[in-house]
Amino acid sequence: MKPAVFEYFSPQTVEEAVALLGEYGDDAKVLAGGQSLVPLMNMRLARPPVVVDINRIESLAYIRDEDGGLRFGALTRQRAAERSPLVAARCPLLRDALRLVGHVQIRNRGTIGGSIAHADPAAELTAVLAALDGEVTARGPQGDRVISARELFVTYLTTSLEPRELLVEARFPAPPQGAGWSWMEVARRHGDFALAGVGTVLVLRRGTIADARIGLIGVGPTPVRAAEAERGLIGQPPSEALWEAAAEAVRDAVSPDGDIHASAEYRRHVAGVLAQRALRESLSRVQEAA
Amino acid sequence: MKLEGTNSLPAPVETVWKTINDPEALRRCTPGLKELKEVGPDTYQATLQIGVAAVKGTYAGTLAITDKRAPAHYKISLDGSGGAGFMKGEGIVDLEPHGDGTLLKWAGDIQIGGLIAGVGQRMLGGIGKMLIGQFFKCLEDYVGGGT
Amino acid sequence: MGVREITVRINGKTYAGRAEVRKTLADFIREDCGLTGTHLGCEHGVCGACTILMNGDAVRSCLLFAVQAEGADLMTVEGLADGDQLHPIQQAYWDHHALQCGFCTPGFLMTTQAFLREHPHPTEREIREALAGNLCRCTGYQNIVKAVAAAAEMLAAGRSGAPGGAAGDDGVASEDRA
Amino acid sequence: MSPHVGARITRNEDPALLRGRGLFVDDVRLPGMVCAAVLRSPHAHARINRIDARRALAVPGVLAVFTHADLGELGGPLPKLIPHPALTYHKTQEPLASTVARFVGEPVAFVVAEDRYLAEDALDLIAVDYTPLPVVESLQEAAVPGAPLVHADMPNNVCAHYTQRVGDVERSFARAAHRFRERLVIDRGTSSPLETRGVVASWQPQTRQLDIWDSTQAPIPIRNGLAAMFHLPQAGVRVVAPDVGGGFGCKVMMFYPEEILVPMAALRLARPVKWIEDRREHFVATNQEREQIHEAEIAVDDDGLILGVRTTFLYDAGAYCPYGIIVPIVAGTTLPGPYRIAHYHCEFRAIFTNKTPVSPYRGAGRPHGVFVMERLLDRAAGELGLDRAEIRRRNLIQPNEFPYDVGVIYQDNAPLQYDSGDYPRCLSRAADMIDYARWGARQQANRAAGRYLGLGIACYVEGTGIGPYEGSRVNVEPSGKVFVATGVGTQGQGHMTVFAQIVADVLGVDPRDVSVRTGDTTAFGWGTGTFASRAGVVAGTAVSLAAEAVREKTRLVAASLLEARPDEIELEHGRAFVRGAPARSLLLGEVAAASNPLRFTMPRDWEGPGLEATRYFAPPRGTFSNGVHACIVEVDPETGMLRVRRYVVVHDCGRVLNPLILDGQIHGGVAQGLGGAVWEKLVYDAQGQPLATTFMDYLLPTSEEVPPLEVGHEETPTPLNPLGVKGAGEAGVIPVAAAVAQAVEDALQPFGVHITEMPLSPNRVRQLVAEARRSL
């Protein structure tokens, strides 16, 4: 299990990296944390002729609290985000989701940008980005381009990033103070790819739900935003019956595929179960905060 | 891996039949097709690069159309092998008039073997479905564009 | 073919070598630096046997290319003991029979080393979560968990235990364990 | 009482391993060494028409590509181990397939290159033209007449059909008040040691010496086989099993193809050759286990007393059966367990399928037998409204009934006779430890809180310590250090410590001063291997006998030096002294030096130089350990997720040599058992493609999944060896599936879920809950 031959570049700046991508295009693969790419290369399932290693671009590692949200340089390690007091304070949903990304050794290398660009539909970060209406900035030969989460994720392992573009930043709008949140997932073992996972945010005003967000992983070719289910919640007072209705709406919103670990039917069912539980937990956090 | 589906195409059965037998349409719509060389009647040598993102395998093999009953039915088979393993697919295509257009019903069985099967099982089914979906969507556009 | 000069520090010593860019850091450490204590159990980043510290963080050395470690400060299992004196973590693993075949052990030790630096007083839950990225097929983890707890105590007390001492009794658990 | 045997002594082998100074096969580095890689069939069944390696050979650094055509007389089918009269088709594979590949992973070509990276590059460039052949993947379908044939020269896929009968089963069933039938399925798993297989071979033409490092559980049979195949004297072949990173059965094959191909390449190329299996290869090329389908039935009277049991089962052999039919024989003979069963019918058919071959994996059929028996008892208890522990208690063999004849022939071809044990005591202790008496109330309280907890309790008897024999040489050197050599290698079981403890007690030395060498054919050349929980029993006894012989020799020499009678000499603290006069003493090393003088004449009763002796032990038959496992499992009926909350083991393996090491063996076994019960499943598709060939899909339990384990030991010594020890290596794994199944069923009792299969994924549990709900 050893990788095939490739050409290796280790640019020191974003400009150099973008130039390399411009030169090699489809033949080049960006190496960030490498925790998904390198296993594929070791197995020779991925054989990029050119690897552009962005790990030496120090300017791409940062966490900033700006414009009502968190901005992450693409090379920010997942572990750094997970341990950041800023992330814990501004977006605990993201922190909770990050804790379930692989294991600590993986998160020590894995990056925020890499996970999003890899677009594994079971990757926690993708659903959080989707649920929070996040966006990314891509830099290409023509300059910067902002892509919303909705437009970013195309299908399995595929984003709308062009081969000549480098994802340089991800932005997660922070839920308002007092919002409740929950991240829940079912995985075969701790740290495994989720069979289904859900992140929720609830904002209450005067006893009714003012905003609700539901993002899911493991239930289709991309992360899923359960917009219909969210609409059913907004304007309603929270109740068990409401959660149940939301769970049903979530089940309608997803079109999972089965694999050897879980059937499509199971994933759909569990997505609803988890959504219900996550909403319940979100509410209890709203009440704790109040 | 058994898959099936139905597509509704905005053209009469005869037009659709011609399209799905047209090497140019096959060339344009078969996902990842790098090369398609006619080596006999309804028999092609094909090279495909199939996969998603960095995970792509190149397969060389044969594409053949058999059991033809114009303008309503044929069987399309594809087999290829490469470093990532092998693939073998068979699909039955049936055309039915449907209003002004045509209903294209397909049912296929794809076998994937070797490295990719043992490692990629989590997404393989979904990706296979997606690629076949792309193929028929493309045909739909092709037929649509042709009328 | 892409061959690079690579210089790394491992356990405080400088190693320089030439390697293809595709060579994994794990292979470089084992083959070019001759430090065979770092083991390869899966080469796809799941088993944790190849865990080392890179600039202080526990990482899978099978998921890094050697060229990426240029200039880095690495620590492998060979760097734990101080001469003849086992590191308290090694001592605790010995005392508590936390290894059987010993193949996964270097990875567990390095994971433990990084973990206890961050969590000097861990709970059992934290220990179990921290170890979940390393697979062991022999021990059922029980004695590893015990060893990590004992190592934490030893480190906190700033001493290392008597070599080859007797092990403690089994912990008794309850079904209400969270 | 002995100070060392029975003590919790930490291990002699640990310091080196903890420092990263072990020597595993992949750590062997030799000047000029090159690396090998194997091209494997991607098809589960295919004809090989043509292999074209020209492009591979053109790559700089690629030294050779071998195919079947290059192997000559080495190309024939691999040795057939353990024949049996019922095994009518004993098929083994060729080292490289000649015309047909019968499972995904079967070796087709063997590449040698300057390094492993290049060798894998070469694999990419070898073109093989295959014609796919019909595949039979499912065990059930392979057994049906007319199924595609795995071996074209057979009339069907049945390689063995074997029946054992005790008493008159038909009559017992005909007269029974109650009969309950179950179809029970256990799926495929694999032992997955953290170290994969690996072989290094080095040939020195000048000395005509072939040196092999092999991650094997059986170096001596490998040496003997290689000597025969390569026409070398046994003394000219050295096989070392250095530190072996776990085995659990899968490394006890003689031979795997690579164990012949690597030495062959080393001989032909005159370069040392290394081959290290990668993890993906391990999932297809290393033998697997566990797949069986039982149709089983139990007959009981109104009190739940067992009148008869019968099972007819299918055993999946995979594509070849090198190891014969040991696994199904062990399954069938383990099934009766600790219960009095006067009438028993056990019949199996071993079936070829287009999957990786099967050979024993820790438990080797025992978990299956226990699963079937315990499930039948649970069913009977449920139907009769009896308590689960009570139905077991009523049927247990009592302590005064030993030796107890089960009535069947065991895997060692001897009548199966239990030597000793106290089964009721183990059951009641396990029940106490898990607080069985108050379970009902605790379960109800939890259910009221919306938590579904279940308790499982299962019993087993484990055959261990079988023959034929093992040996050991013990030698005291003039330094006073003791050296012990034996043929049974270690894969982590602690041989370096336990054997040292045995010797230390006999010779009165510190176990740290006893150095044990195993797994090196030059250190000890007779023996079979480490399997079937036998090392401690058989080799341990041989070590003890050899140490005793050395003690007698020491007494003889010391007596003459100290001017005393041999029977007055005692050994303690590394010294020999005259009883009652400790001042008249010598260091053991001094006695050793005196036993090997450079001049003088030797005494008349002299039996050779040095304080050295070699002894062998051949047990008359196997000895039987037993135990009871109990666990508490929580199930989430909505997601099907299981969590094992408590796990209790009560275990009796006779006299305990080292409780620290024994606990470790039990812990590891339970973890593997839990893996097989919940997480580990080798899924194949209908075309025989393995779908779980990484650790992302084949799920070994982690520290988060395995609960804290509570172990209690009972000690009923065996009369079959002087140490009174029984084997323990496999005990932990055996009843786990049975206990977990019962616990899950108990937890989901409100839904009426019935468990008849293993493993249980959350998807499957959820499905069972949903189905049971629908049928309510």
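A short reminder: the numbers here are calculations on the coordinates, not readings from a lab. Since the model is a prediction, treat every value here as computed from it, not as a measurement. Ideal geometry is used to build each Cβ from the backbone, glycine not excepted, and the neighbour counts take in all protein chains shown.
Once the Cβ-Cβ distance between A:Q287 and D:D303 is put in as r, and R0 is 51 Å, what FRET efficiency do you end up with, to the nearest 0.05? So, using R0 = 51 Å, E works out to roughly 0.35.
Here B:K37 is the anchor, and the aspartates and glutamates within straight C-alpha reach of less than 18 Å, apart from those fewer than 8 places off in the same chain, are B:D22, B:E24, B:D79. Does the range A:203-250 come out rounded, prolate or oblate by the C-alpha gyration tensor, with a ≥ b ≥ c the root eigenvalues, rounded set by a/c under 1.5 and, if not, prolate when a/b is larger than b/c and oblate if not? Prolate is the answer for the range A:203-250, as a/c is 1.5 or above and a/b outweighs b/c. Taking a point 7 Å out from the Cα of A:E66 in the direction of its Cβ, the residues of the range A:132-170 whose backbone N falls within less than 19 Å of it are A:133-140, A:143-149, A:166-170. Dividing the helix sum by the residues of the protein assembly as shown, where each DSSP H run of 4 or more adds -39500 (n - 2.57), gives a mean residue ellipticity at 222 nm of -8500 deg cm²/dmol. Of A:A74, C:L40, C:L86, whose Cα points farthest to the positive end of the dipole of the protein assembly as shown (charges on the beta-carbon: +1 Lys, Arg; -1 Asp, Glu; origin at the Cα centre)? In the protein assembly as shown, that residue is C:L86. Computed over the alpha carbons of chain D, Rg followed by Dmax gives 27.5, 93 Å.
Between A:S59 and A:E228, the modelled labels are 4.6 nm apart [label points 7 Å from Cα along Cα→Cβ].
What the phi angles of the range A:208-216 give under the Karplus curve with 6.51, -1.76 and 1.60, with θ = phi - 60°, is a coupling list of 10, 7, 8, 8, 9, 10, 9, x, 10 Hz, glycine and proline written as x.
Expressed as an acute angle from 0 to 90° and rounded to the nearest 10, what is the orientation of the C-alpha long axis of helix B:121-146 relative to the principal long axis of chain B? The answer is roughly 30 degrees. Averaging the Cα positions of each part gives two centres, and for the range D:283-304 and the range B:58-88 these lie 42 Å apart. Working note: Debye formula, equal point scatterers on the alpha-carbon atoms of the range D:467-617, no solvent; log10 I(q)/I(0) at q = 0.13 Å⁻¹ is -0.56. Remark: relative contact order (the range A:189-290) = 29 percent; criterion is Cα-Cα distance under 8 angstrom and separation of 6 or more residues. Peptide C:102-114 is shielded by partner chain Cβ atoms: per residue, an average of 5 of them sit within 10 Å of its Cβ.
Quote the charge dipole size of the range A:61-173 about the Cα centre in Debye, to the nearest 20; the model charges only the Cβ of Lys and Arg (+1) and of Asp and Glu (-1). With only Lys, Arg, Asp and Glu charged at Cβ, the dipole is about 440 debye.
Here, P(r) means the percent of Cα pairs in each 5 Å bin from 0 to the largest distance; for chain B it is 2, 9, 19, 24, 20, 14, 8, 4, 1, 0.
Please work out the Cα center distance from the range D:607-663 to the range D:102-153, rounded to the nearest Å. So the two Cα centres are separated by 38 Å. Here is the link list: B:K2/B:K88; A:K2/C:K13; B:K18/B:K88; D:K91/D:K355; C:K146/D:K251. Which ones come out longer than 19 Å on Cα distance? From B:K2/B:K88; A:K2/C:K13; B:K18/B:K88; D:K91/D:K355; C:K146/D:K251, over 19 Å: A:K2/C:K13; B:K18/B:K88; C:K146/D:K251. Between C:D73 and A:L86, the simple spin-label model (points 7 angstrom out along Cα→Cβ) gives 2.5 nm. Dipole check for the range C:88-157: with +1 at the C-beta of Lys and Arg, -1 at the C-beta of Asp and Glu, and the Cα centre as origin, the magnitude is about 160 Debye. In a reduced charge model with +1 at each Lys and Arg Cβ and -1 at each Asp and Glu Cβ, the range A:7-53 shows a dipole moment near 320 debye about its Cα centre.
For the range C:88-157, the Kirkwood hydrodynamic radius from C-alpha pairs, put into Stokes-Einstein at 20 °C and a viscosity of 1.002 mPa s, yields a diffusion coefficient of 185 µm² per second. With contacts taken as Cα pairs under 8 Å at a separation of at least 6 residues, the range C:3-79 carries a relative contact order of 39 percent.
So for chain D, averaging the separation of alpha carbon pairs under 8 Å that are six or more residues apart and normalising by length, what relative contact order in percent results? Contact order relative to length: 15 percent. Sorting the Cα pairs of the range A:180-289 by distance into bins of 10 Å, from 0 upward, gives 17, 50, 26, 7, 0 percent per bin. Here, the protein assembly as shown is characterised by an Rg to Rh ratio of 0.97, where Rg is the alpha-carbon radius of gyration and Rh the Kirkwood radius. Output the direction-averaged projected area (hull surface divided by four) of the convex hull of the alpha-carbon atoms of the range A:7-53, in nm². So the Cα hull casts an average projection of 3.1 nm². Spatial offset of the range C:1-64 relative to the range A:1-57 amounts to 18 Å, using the alpha carbon center of each.
By the rule of a C-alpha distance below 27 Å, with chain neighbours fewer than 8 residues away ignored, the lysines paired with D:K553 are D:K481. Sorted largest first, the spans of the alpha carbon positions of the range C:3-79 along the three principal axes are 29, 25, 20 Å. Over chain C, the reciprocal of the mean inverse Cα-Cα separation, the Kirkwood hydrodynamic radius, stands at 16.9 Å.
Both the radius of gyration and Dmax for the range A:61-173 are 12.9, 37 Å, in that order, over alpha-carbon atoms. Summing +1 for each Lys or Arg and -1 for each Asp or Glu among the other residues whose beta-carbon sits under 12 angstrom from that of D:E590 gives 0. When the charge dipole of the range C:88-157 is built from unit charges on Cβ atoms (+1 for Lys and Arg, -1 for Asp and Glu) and taken about the Cα centre, the candidate among C:G140, C:T123, C:A157 whose Cα reaches farthest toward its positive end is C:G140.
Among D:G580, D:V474, D:L78, pick out the residue whose Cα is farthest towards the positive end of the charge dipole of the protein assembly as shown, where Lys and Arg carry +1 and Asp and Glu carry -1 on C-beta, about the Cα centre. Result: D:G580.
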